[in-house]
1. Step through the table entries 30/81; 10/112; 10/30; 81/112, compare each Cα-Cα distance with 23 Å, and write down the pairs that go over it.
2. Roughly how far apart, in whole Å, are the Cα centres of segment 65-100 and segment 122-180?
3. How about segment 94-189: which trypsin sites (Lys or Arg not before Pro) there are in a DSSP loop, with at most 10 other Cβ atoms within 10 Å of their Cβ?
4. Over segment 45-140, calculate the relative contact order: mean separation of alpha carbon pairs under 8 Å at least 6 apart, over the residue count, as a percent.
5. Which value results for Rg/Rh of the chain when Rg is the Cα radius of gyration and Rh the Kirkwood radius based on the inverse mean 1/r?
6. Between residue 38 and residue 167, what is 0.36 nm times their sequence separation minus the Cα-Cα distance? Round to one decimal in nm.
7. Straight distance only, please: which aspartates and glutamates reach the Cα of residue 46 with their own Cα at less than 17 Å, same-chain residues fewer than 8 apart left out?
8. When the helix-only estimate is applied to the chain (DSSP H runs of n ≥ 4, each -39,500 (n - 2.57), divided by the residue count), what is the mean residue ellipticity at 222 nm, nearest 500 deg cm²/dmol?
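What follows draws every value from the coordinates through simple rules; no lab data is involved. Only a predicted model underlies this, so the values are computations on that prediction, with no experimental measurement involved. Counting neighbours? That spans all protein chains shown, and the Cβs are built from the backbone with ideal geometry, glycine included.
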Amino acid sequence: MQEFCIASSKAELRRTLKPRGSLNLESLLKASHALWERTLGLGALKKAFQIGLYAPLPGEPRPQRAFEWVFAEQRQPFLPKIFNETLVYLAIDPLAKLTTGRYGMPEPIGGKVLDPLPGDVLFVPGLAFDLRGYRLGYGNGYFDRFLATLPPFVIKIGVCFETSLCLSLPVDTWDQPVDIVVTEEQVLLCTAYRHQLQPKGV
């Protein structure tokens, strides 16, 4: 866990955290597998049918284990896509083809748009998360604007490596927290931390 995040601005943190090539491929795959084994044991997934996943950017946890589980359990996965400056989630199948979209994010070419249902689970990657569930993204605001539109029954789970977990991140009024954060080492229920450490102005 990183303590320096408390005193840093978002811009400073992005400069610090973007070069995330410290994990070699073997270590990244091992940590990713441990993260998803911990994640797939969560009770929130037992009744979830629609599950929002992601195609990883460099340095983000690889979600192959999650895709394997989703298809084996016959759940419906969705992937994010930027369409007309808005983030949407599109349904995919095992043969779905991806293309490189805005900002280098792998995106599905087509599919049904997500219509949220009770019990849905959305996995959210990021440069960093803090104990309250606040996320440091890449500065474009797509995820925050999308998360703000979701009904409260959608369970939002942030995923990151332990080295990208911070005690407290700088927070703006438009930032949207997740409900749970999972790393390869632990599961954090973030609501309790938000009640204890509510950021000024939020």
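1. Details: 30/81 27 Å; 10/112 34 Å; 10/30 29 Å; 81/112 12 Å.
Too far apart for the 23 Å limit: 30/81; 10/112; 10/30.
2. Using only Cα atoms, the two centres lie 19 Å from each other.
3. Values: sites: 97, 102, 112, 132, 135, 145, 156; in loops: 97, 112, 132.
Here the sparse-neighbourhood loop sites are 97.
4. On the way: 153 pairs, mean separation 28.4, N = 96.
The value is 30 percent.
5. Values: Rg = 15.9 Å, Rh = 17.2 Å.
Dividing the radius of gyration by the Kirkwood radius yields 0.93.
6. Numbers: separation 129, 0.36 × 129 = 46.44 nm, distance 2.07 nm.
Working it through step by step, the gained length comes to 44.4 nm.
7. Partners found: 37, 68, 73, 120, 179.
8. Values: 5 runs with 47 residues, N = 202.
It comes out at -6500 deg cm²/dmol, rounded to the nearest 500.
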